[in-house]
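Right, one structure below, let's go through it.
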Amino acid sequence: MKRRAFLKKAAAGFAAGAGAAPAIALAQSQPAIKWRMASSFPKSLDTLFGSAEQIAARVSKMTEGKFEIRVFAAGEIVPGLQVLDAVQNGTVECGQSASYYYVGKNPALAFDTAIPFGMNARQQNAWMYYGGGIELMRELFKQYNIVQFPAGNTGTQMAGWYRKEIKTVADLKGLKMRIAGMAGQVLAKLGVVPQQIAGGEIYQALERGTIDAAEWVGPYDDEKLGFHRVAKFYYYPGWWEGSAQLSIYVNFKQWEALPKAYQEALEAACAEANVHMLAKYDAKNTEALRRLVAAGTQLRPFSRPVMDACLKAANELYGELAAKSPDFKKIYEPWKKFRDDQWLWFRVAENTYDNFVYSAGHAAAPAKGAPAKK
Ligand code: CA
């Protein structure tokens, strides 16, 4: 068939709506949709806020510009810690947040991000995608008119910035600390006065002395937020965030009204962001840690007695929460079984491999505040 004749025939086919429509006809039939996404994070963080922008850009490309999502930083539409509310009540169609910011509404929301002594990023993904996690969390989020998607992970976090050393459990007493999620309730049992403060407002609180300590994520983000300029001791590990998952929230009605192809595009973009955010943190944390140590930051591991006391307090808290929150109990029990099984498996190959290579002289990570190798 001659090209011109083919085009004519194809055009006639479109007009009559005959047969299977080629992709281009499908794209033309899709509506133009514009959404607003409220993020819990400041623009300065290219990891977290940047990930929301990547999702929006990807969705736009996959729908040939028909489905546009504009991302707003914390405070532009709603404050950083009110993103869930804004999606729930339809102020915005979608949001990017960390669900453990909302443990005051429901402690079970924390499983969508992290609970202390929880899973690492690999294990969290295993639970979410293949361990029933997404299903359990979706059931919970229905109470808030939201469909949620895993859309990023920080990996294991640092334990944050302290003006004074924490040598013993007693040193935690009276410490005013910015700490997110359920960890604050654990540390409160050991005398800490926890505060939830959105990322963009932590530096000022630490600088002014409103708080004595603050945790955020890890070297790359923490350096950007400048905490090393106002607190010297940088502790690890962030036992409350063996990993921390970020999520995209979509208002349930908006999700239902979205064309199927756009739903698929958004879901795929979120899954992609889940891979990329972790990769970005892993790739960028080493150099940031070197720079922080070179600038005078003192690295400190929490002592075993401090870690043990925190673990004991966390397990106490989980018992209390399971007794008073049916939602928490319903997720905690299968979650704990899955976590314990993951730990069993990871101890065999993963942990043995990691322990060998990290101790065999191949690693060059700075330790105990020593200046890093150039
Ligand atoms: Ca954190």
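When you scan region 248-267, do you find a residue that is within 30 Å of Met62 (Cα to Cα) and within 16 Å of the ligand (Cβ to nearest atom), even just one? Walk me through how you get there before you give the answer.
First pass over region 248-267, keeping only residues within 30 Å of Met62 (Cα to Cα): 248-267.
If we keep only those that are within 16 Å of the ligand (Cβ to nearest atom) too, we end up with none.
No: zero hits.
Select, from Gly118, Gly200, the only residue that is out of contact with any Ser or Thr (no Cβ under 7 Å at 6 or more places or on another chain), of a type in the set (Gly, Ala, Ser), farther than 28 Å from Arg70 by Cα and crowded, with 18+ Cβ neighbours inside 10 Å. Can you show your working first?
Numbers: Gly200 fails: farther than 28 Å from Arg70 by Cα.
Answer to the check: Gly118.
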Inset, instruction - Specify which of the listed residues (Val186, Val192, Val230) is of a type in the set (Val, Ile, Thr) and either in contact with an Asp or Glu (Cβ under 6 Å, 6 or more places away or on another chain) or within 21 Å of Ala151 (Cβ to Cβ) (or both). - result: Val230
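Any residue at all in region 357-364 that's small (Gly, Ala, Ser), at pLDDT below 95 and in a helix (DSSP H, G or I)? Before you say what the answer is, go through the steps one by one.
Taking region 357-364 first, the residues small (Gly, Ala, Ser) are 359-361, 363-364.
Filter once more, keeping what is at pLDDT below 95: 359-361, 363-364.
After this cut, where a residue has to be in a helix (DSSP H, G or I) as well, the list is 359.
Taking every residue of region 357-364 in turn, at least one turns out to be small (Gly, Ala, Ser), at pLDDT below 95 and in a helix (DSSP H, G or I).
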Inset, instruction - Please work out which one of (1) more than 28 Å from Trp127 (Cα to Cα); (2) in contact with a strand residue (DSSP E or B) (Cβ under 8 Å, 6 or more places away or on another chain); (3) more than 16 Å from the ligand (Cβ to nearest atom); (4) in contact (Cβ under 8 Å) with a residue 40 or more places away in the chain is the condition Thr210 fails and give its number. - result: (4)
Legend entry - Residue tally, condition in contact (Cβ under 8 Å) with a residue 40 or more places away in the chain, surrounded by fewer than 16 Cβ atoms within 10 Å (Cβ to Cβ) and of a type outside the set (Lys, Arg), over region 162-190: 2
Legend entry - Failed criterion for Gly152 (all others in (1) modelled with pLDDT of 95 or more; (2) in a loop (DSSP other than H, G, I, E, B); (3) within 14 Å of the ligand (Cβ to nearest atom) hold): (2)
Inset, instruction - Can you confirm whether region 271-282 contains a residue that is within 14 Å of the ligand (Cβ to nearest atom), farther than 20 Å from Cys94 by Cα, over 18 Å from the mean Cα position of the chain (by Cα) and in contact (Cβ under 8 Å) with a residue 24 or more places away in the chain? - result: no
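So which helices (runs of 4 or more DSSP H) are wholly in region 214-328 and hold at least 1 residues that are farther than 30 Å from Pro31 by Cβ?
Values: elements: 219-225, 252-257, 260-294, 304-324.
By residue number, 219-225, 260-294, 304-324.
Checking the condition under 28 Å from Thr168 (Cβ atoms) and among the aliphatic types (A, V, I, L, M), which residue from Leu266, Leu311, Leu278 passes?
Being under 28 Å from Thr168 (Cβ atoms) and among the aliphatic types (A, V, I, L, M) holds for just one of Leu266, Leu311, Leu278, which is Leu311.
Taking the stated definitions as given, is Ala180 modelled with pLDDT of 95 or more and under 22 Å from Ser44 (Cβ atoms)? Full working, then the answer.
Working: modelled with pLDDT of 95 or more: no; under 22 Å from Ser44 (Cβ atoms): yes.
Considered against the rule, which asks whether it is modelled with pLDDT of 95 or more and under 22 Å from Ser44 (Cβ atoms), Ala180 comes out as no.
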Inset, instruction - Look at Glu215 and say whether it is within 22 Å of Ala114 (Cα to Cα), at pLDDT 95 or above and within 16 Å of the ligand (Cβ to nearest atom). - result: yes
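The values are calculated or read from the model by the stated rules, or taken from the named source; none is laboratory data. Just so you know, these numbers come straight off a predicted model, no measurement behind them. Every residue, glycine among them, receives a Cβ derived from its backbone with ideal geometry; neighbour counts consider all protein chains shown.
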